[in-house]
Amino acid sequence: MSGGATGPERKLIDTCVHCGFCLPACPTYQLSANEAESPRGRIDLMRRHSDGAIQLDSDFVGHIDSCLGCMACVKACPSGVDYETLIVEARSMIQSSFRRPGRQRLVRKAIFAVMPYPVRMRPLVRLGSLAKRLGAERVAPRLSNGGVAATFASALALLPRMTSSSAPARGRLYAASSPRRGTVGLLTGCVSAVVFGSTEQAAVDVLRAEGFDVLVPAGQGCCGALAEHSGESPLAARLARKLVARLDREQVDAWITTSAGCGSTLKSYDRLLPGEASAAKFSGRVRDIHEFLHQQGLRADYKPLGIRIAYHPACHLANAQGIVDEPLALLRAIPGCEVLLPGQSGTCCGSAGIYNLIEPATAEALGTAKASAIAELRPDVVAAGNPGCLLQIARYSDPGLASAHPVELLARSLAAATASGEA
Amino acid sequence: MPIASRSGRMEEFKRRVVELVPQGECIIGDAAALSSYGSDGLIRFRQTPEVVVLAKSAGEIHSAVKLCAELGIPFVGRGSGTGLSGGAVPPPDGVVIAASAMKGILEIDPVDRIAVVEPGVANLVVSERTAPFGLYYAPDPSSQSVCSIGGNVAENSGGAHCLKYGFTTNHVLAIEVVLPDGSVEVLGGESPFEPGLDLRSSFLGSEGTLGIVTKVWLRLLSRPEAVRTLVADFDSAESAGAAVSAIIAAGIVPAAIEMMDALAIEACEKAVGAGYSLDAAAALIVEVDGPREEVDALYEEVKSACVSCGTTKIREAADQAERSRIWLGRKAAFAAAGRLAPAYIVQDGVVPRTALASILGRIAELADDAGLRVANVFHAGDGNLHPLVLYNPDSPEESEAAERVASEIVELCVEIGGSITGEHGVGLEKACSMAAMFDSGDLEAMQRLRIAFDAQGIANPGKVFPTPRLCGDTPGRYRAHPLELSGEAIRF
């Protein structure tokens with residue numbers, strides 16, 4: 001890949017004709033009305049930098065940092081600009097050629113020293129949840145005048161009060177519970193593995209009920225998505241290579257992920273590891289769970305739940321992977337459910353990987369707007385196909401609002417079937 | 001006024017403007033952000049401003065312009081920056097006063113059918129917000145999802161449906177403006193007839209040379225009872241052009257008649273997948289709207305006109321979704337041309353409708369001679385051409401050839417009785433071509449009007465009017481000025 005010290009390839013930059021069709025789609029432009037906070041503005045900065053007309057200074061970096069990476073602009077672009085590659089390579093250039101102020105460096109270091117590693121993340125999350133129950137949130141903001149303490153406060157605010165411990169055991173093959181249609185592997189990731197064990201369990205339950213043997217390999221690590229989206233390309237490549245090496249020899253028909261943010265990176269390892277055949281082969285088999293279930297067709301017996309579901313389309317599902325209708329179709333397959341989309345449903349919730357940890361002000365503005373659009377629907381539960389979005393929305397919503405990954409609702413509907421069957 | 005140096009006055013402006021814009025934002029030291037205001041939708045022209053004022057209210061625009069007037073600092077107003085003639089490119093040593101943060105719809109009066117809006121609101125948003133009342137705002141530039149009402153006022157923007165409904169000027173009842181001397185005026189009024197000289201009309205389409213609009217009273221229309229849309233394919237541009245003439249000659253005024261040639265069809269299809277036929281040499285999109293019975297009758301007449309002119313296929317939009325898809329393809333055309341070539345120049349000439357078919361032939365000849373490809377999309381109903389001259393900017397020869405072909409096309413339009421611009425404005429791009437259309441008497445008359453508004457010449461200077469430094473005031477294609485060649489002046 002390009003990027004590195006030189007920045008995005010000029011050819012890629014020049015596919016942008018500066019028409020501005022991306023402006024209404026961009027959450028940061030909508031908030032700031034500042035050209036430099038828009039996709040075409042950011043691409044123009046890359047162009048001007050490549051011309052040598054502007055420096056790689058803290059202003060430039062600030063405008064690139066502030067991009068959520070939600071890719072709403074990609075959907076809006078008539079010229080087919082590959083913005084994802086542009087922003088990733090611009091960030092990679094920044095990380096390799098720009099010396100950030102000490103405080104920013106420390107925050108990023110702390111994040112990437114912990115998040116990709118479940119072994120380090122798990123005890124911290126448990127500690128954080130405990131601290132939260134004890135009321136630490138009221139104390140934390142007073143500690144935080146920027147830097148690591150502020151990041152800690154943001155992280156704390158995002159944590160659920162209880163972490164789920166019901167994740168499926170690793171290193172096991174869960175046999176299909178109805179006529180067998182194939183074998184899939186479940187990608188467990190990093191943050192998701194620690195905070196969202198119940199989503200993984202639900203995925204296993206639903207896939208089994210749909211006739212798939214589900215392999216949950218032990219020793220998986222982070223896929224590299226968080227690092228890639230933040231310009232930490234060498235770290236991302238290292239994590240990706242390790243994951244591919246770990247899973248390369250497993251015999252599965254597809255690798256399933258329940259996280260939209262991970263999925264979009266898992267599917268494009270060829271960008272992270274160009275020319276590595278095993279990486280491309282692995283990426284070719286990755287499926288988002290909504291995509292996979294919808295492609296295969298639901299056969300299991302889903303029983304009524306009778307709830308109002310607000311569905312939030314995660315940017316990395318809808319924009320980065322083009323998975324728009326599948327989650328809605330799956331949710332609507334649950335009898336008795338009303339599935340609703342909030343107003344401005346295409347706008348990012350502000351989660352965006354580690355964005356809500358490093359750009360808290362923008363994240364808060366978007367999170368608050370998203371939560372109130374969802375609240376207007378008066379749902380019983382908000383559903384989203386990305387763990388980060390669920391944490392972000394919950395943070396700004398009424399504590400009484402339940403949140404769940406769509407596959408958890410499918411699992412709940414299946415369980416209702418078993419219960420009524422036994423009754 | 002004490003005569004301070006230019007840079008001294010700019011320093012004073014920077015110092016004082018910050019306090020005048022408490023709600024909005026002033027971009028002053030951020031070189032990256034300033035640089036991103038160097039161009040509008042036409043990236044060939046660029047000039048980095050000294051300051052960008054992101055105003056939050058009419059009062060802030062007012063204060064900023066007043067300070068410009070006091071210090072004699074040139075300024076340009078800016079909406080969404082989607083203009084296609086370089087009209088919002090900052091003047092040298094100038095400031096940008098942007099209304100992009102002023103997106104409020106202040107009032108909707110569904111009975112009198114008036115919407116009062118701030119200048120930064122996007123064109124399409126007005127229609128979306130008034131839809132619950134069965135109303136909409138008719139002018140629909142292809143960039144309507146982005147372009148601002150303020151920008152529409154400055155450019156007197158058109159769009160596909162202006163054939164039947166008219167341009168922006170037909171839909172703006174009144175405007176509140178800040179004039180270049182810093183005074184605030186309301187031009188026009190809520191009633192359709194205002195006594196006295198019509199200054200509102202002078203301002204509409206003045207491309208920022210008479211001041212900045214801060215509030216707009218828009219006329220809304222009832223949504224038509226029925227709309228029907230078809231795409232008719234033809235095996236030659238000539239027969240498509242003949243069909244346009246046949247439709248108009250039959251006394252029908254469709255809501256829109258758009259034409260695309262094979263290359264444009266290919267680009268739009270790649271971008272949007274609107275279902276256009278890739279094997280057609282040309283296609284017409286024809287839309288009729290109005291009361292249902294009238295629409296049904298006119299629609300049949302349109303179809304038979306297409307058939308009599310040899311259409312090879314007629315695709316009828318079955319529902320709103322299909323109609324939207326057809327229009328989405330057409331409206332993405334300019335940017336979609338980015339898929340055919342790394343760069344292109346959009347032209348905006350107008351020709352008599354009867355000359356449509358012949359000018360397409362002439363354009364093709366010009367393109368062939370230069371070894372370039374030209375895609376054509378245009379508002380055929382009113383003879384407004386948008387040839388897209390495709391080229392590779394990495395090749396200096398091709399870039400130069402493309403500029404040459406583009407200006408030859410415009411000159412051709414004037415030669416056969418048309419005009420240099422149909423809706424994109426003159427801006428920076430076509431200032432030199434003004435002399436091809438107007439003699440010095442005409443231009444002087446326009447200048448006198450302009451000076452009546454702007455004695456200091458600080459409102460978007462260098463636009464619309466040819467200047468000796470850039471153009472030598474001679475009609476014809478761009479020729480390098482001797483000062484440019486000697487390196488003493490540069491062309492922006």
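Mind checking which strands (runs of 3 or more DSSP E) fall wholly inside the stretch B:55-126 and carry at least 1 residues that are in contact (Cβ under 8 Å) with a residue 24 or more places away in the chain and buried (at least 24 other Cβ atoms within 10 Å of the Cβ)?
B:75-78, B:95-98, B:114-117
If we keep just the residues of the stretch B:420-458 that are crowded, with 23+ Cβ neighbours inside 10 Å and β-branched (V, I, T), which is nearest to B:V184 (Cα to Cα)?
Checked the stretch B:420-458; the qualifying residue nearest to B:V184 (Cα to Cα) is B:V426.
How do the pairs read when you match residues in the stretch A:198-210 that are part of a helix (DSSP H, G or I) with residues anywhere that are polar (S, T, N, Q) and surrounded by fewer than 22 Cβ atoms within 10 Å (Cβ to Cβ), using Cβ under 8 Å and keeping only pairs 6 or more apart or on different chains?
A:S198/A:S164; A:S198/A:S166; A:Q201/A:S166; A:R208/A:S177; A:R208/A:S178; A:A209/A:S177; A:A209/A:S178
Identify, please: which residue in the stretch B:29-54 is without any contact (Cβ under 8 Å) to a residue 24 or more places away in the chain and part of a loop (DSSP other than H, G, I, E, B) and is, among those, nearest to A:C22 (Cα to Cα)?
Ranking the qualifying residues of the stretch B:29-54, first place goes to B:I43.
Residues checked against (1) in contact (Cβ under 8 Å) with a residue 60 or more places away in the chain; (2) in a helix (DSSP H, G or I):
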| position | (1), (2) |
| --- | --- |
| A:G275 | no, no |
| A:R299 | yes, no |
| A:G306 | no, no |
| A:H316 | yes, yes |
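Restricted to the stretch A:287-308, and to residues that are hydrophobic (A, V, I, L, M, F, W, C) and crowded, with 24+ Cβ neighbours inside 10 Å, which residue is nearest to A:E84 (Cα to Cα)?
A:I289
Evaluate the following for B:R339: is it within 14 Å of another protein chain (Cβ to nearest Cβ) and basic (K, R)? Give the derivation first.
Values: within 14 Å of another protein chain (Cβ to nearest Cβ): yes; basic (K, R): yes.
Yes; evaluated as a whole, the condition is true for this residue.
Does the stretch A:324-331 contain at least one residue that is crowded, with 23+ Cβ neighbours inside 10 Å and in the same structural domain as A:P379 (by TED's automatic domain parsing)?
Looking through the stretch A:324-331, at least one residue is crowded, with 23+ Cβ neighbours inside 10 Å and in the same structural domain as A:P379 (by TED's automatic domain parsing).
Given (1) modelled with pLDDT of 90 or more; (2) in contact with a strand residue (DSSP E or B) (Cβ under 7 Å, 6 or more places away or on another chain), identify the lone condition not met by B:A452.
(2)
Has the stretch B:23-46 got any residue that is more than 13 Å from chain A (Cβ to nearest Cβ), closer than 28 Å to B:A455 by Cα and either basic (K, R) or surrounded by fewer than 20 Cβ atoms within 10 Å (Cβ to Cβ) (or both)? Full working, then the answer.
Initial filter on the stretch B:23-46 (more than 13 Å from chain A (Cβ to nearest Cβ)): none.
Scanning the stretch B:23-46, I find no residue that is more than 13 Å from chain A (Cβ to nearest Cβ), closer than 28 Å to B:A455 by Cα and either basic (K, R) or surrounded by fewer than 20 Cβ atoms within 10 Å (Cβ to Cβ) (or both), so the answer is no.
Anything in the stretch B:131-142 that is in contact with a Phe, Trp or Tyr (Cβ under 7 Å, 6 or more places away or on another chain) and either in the same structural domain as B:G427 (by TED's automatic domain parsing) or buried (at least 23 other Cβ atoms within 10 Å of the Cβ) (or both)? List them, or say none.
B:P139, B:S142
Being more than 20 Å from A:A402 (Cβ to Cβ) and within 15 Å of the chain's Cα centre (by Cα) is the filter here; which residues of the stretch A:351-378 pass it?
Selection gives A:A352, A:G353, A:I354, A:Y355, A:N356, A:L357, A:A363.
Out of B:S183, B:S157, I need the residue that is polar (S, T, N, Q), at negative phi, outside the structural domain of B:G427 (by TED's automatic domain parsing) and free of Cβ contacts under 8 Å to residues at least 24 places away in the same chain. Which one?
Matching residue, one of B:S183, B:S157: B:S183.
Looking at the stretch A:72-82, is at least one residue of a type in the set (S, T, Y), more than 10 Å from chain B (Cβ to nearest Cβ) and out of contact with any His (no Cβ under 9 Å at 6 or more places or on another chain)?
Step one: of the stretch A:72-82, the residues of a type in the set (S, T, Y) are A:79.
Of the ones still in play, those that are also more than 10 Å from chain B (Cβ to nearest Cβ) are none.
No, there is no match, as no residue in the stretch A:72-82 is of a type in the set (S, T, Y), more than 10 Å from chain B (Cβ to nearest Cβ) and out of contact with any His (no Cβ under 9 Å at 6 or more places or on another chain).
Among the residues in the stretch B:16-27, are any more than 25 Å from A:T28 (Cβ to Cβ) and at pLDDT below 95?
No, the stretch B:16-27 has no match at all.
Residue check: is B:V51 among the hydrophobic types (A, V, I, L, M, F, W, C) and surrounded by 22 or more Cβ atoms within 10 Å (Cβ to Cβ)?
It is true that B:V51 is among the hydrophobic types (A, V, I, L, M, F, W, C) and surrounded by 22 or more Cβ atoms within 10 Å (Cβ to Cβ).
When the stretch B:249-282 is examined, which residues are found to be away from chain A (no Cβ under 14 Å) and surrounded by fewer than 20 Cβ atoms within 10 Å (Cβ to Cβ)? Write out each step before concluding.
Residues of the stretch B:249-282 away from chain A (no Cβ under 14 Å): B:249-263, B:265, B:275-282.
If the condition is that a residue be away from chain A (no Cβ under 14 Å) and surrounded by fewer than 20 Cβ atoms within 10 Å (Cβ to Cβ), then B:A249, B:A250, B:G251, B:I252, B:V253, B:A262, B:L263, B:G275, B:S277, B:L278, B:D279, B:A281 are the ones that fit.
If I ask for residues that are at pLDDT 95 or above and assigned to a helix (DSSP H, G or I), which ones from the stretch B:145-164 would you list?
B:I149, B:G150, B:G151, B:N152, B:V153, B:A154, B:E155
Report, by residue number, each residue of the stretch A:61-81 that is surrounded by fewer than 16 Cβ atoms within 10 Å (Cβ to Cβ) and at negative phi. It would help to see each step written out before you state the result.
Within the stretch A:61-81, the first condition is being surrounded by fewer than 16 Cβ atoms within 10 Å (Cβ to Cβ), and the residues that meet it are A:62, A:80.
Once the filter is applied, which keeps residues that are surrounded by fewer than 16 Cβ atoms within 10 Å (Cβ to Cβ) and at negative phi, the stretch A:61-81 yields only A:G62.
Every residue in the stretch B:132-148 that is within 14 Å of chain A (Cβ to nearest Cβ) and either touching a residue at least 12 places away in the same chain (Cβ under 8 Å) or of a type in the set (S, T, N, Q) (or both), please.
Once the filter is applied, which keeps residues that are within 14 Å of chain A (Cβ to nearest Cβ) and either touching a residue at least 12 places away in the same chain (Cβ under 8 Å) or of a type in the set (S, T, N, Q) (or both), the stretch B:132-148 yields B:P141, B:S142, B:S143, B:Q144, B:S145, B:V146, B:C147, B:S148.
Here is a list of conditions, (1) modelled with pLDDT of 95 or more; (2) assigned to a loop (DSSP other than H, G, I, E, B); (3) surrounded by fewer than 17 Cβ atoms within 10 Å (Cβ to Cβ), and B:P461 meets all of them except one; can you say which number that is?
Tallying (1) modelled with pLDDT of 95 or more; (2) assigned to a loop (DSSP other than H, G, I, E, B); (3) surrounded by fewer than 17 Cβ atoms within 10 Å (Cβ to Cβ), B:P461 fails exactly one: (3).
Check A:S58 against each of (1) surrounded by 21 or more Cβ atoms within 10 Å (Cβ to Cβ); (2) within 12 Å of chain B (Cβ to nearest Cβ) and name the one condition it does not meet.
(1)
Search the stretch A:164-185 for residues that are assigned to a loop (DSSP other than H, G, I, E, B) and pair each with any residue that is surrounded by fewer than 13 Cβ atoms within 10 Å (Cβ to Cβ) and at pLDDT 90 or above when their beta-carbon atoms are under 6 Å apart and the residues are at least 6 apart or on different chains.
A:R170/A:A218; A:G171/A:A218
What number of residues in the stretch A:22-54 are part of a helix (DSSP H, G or I) and at the interface with another protein chain (Cβ under 7 Å from one of its Cβ atoms)?
Number of matching residues: 8.
Based on what the data block shows, is A:A373 outside any loop (DSSP other than H, G, I, E, B), free of Cβ contacts under 8 Å to residues at least 40 places away in the same chain and either farther than 30 Å from A:E210 by Cα or among the β-branched types (V, I, T) (or both)?
yes
The values are calculated or read from the model by the stated rules, or taken from the named source; none is laboratory data. Note that the coordinates shown come from a computational prediction; the quantities given were computed from them, not determined experimentally. We place every Cβ from the backbone using ideal geometry, glycine too, and count neighbours over all the protein chains shown.
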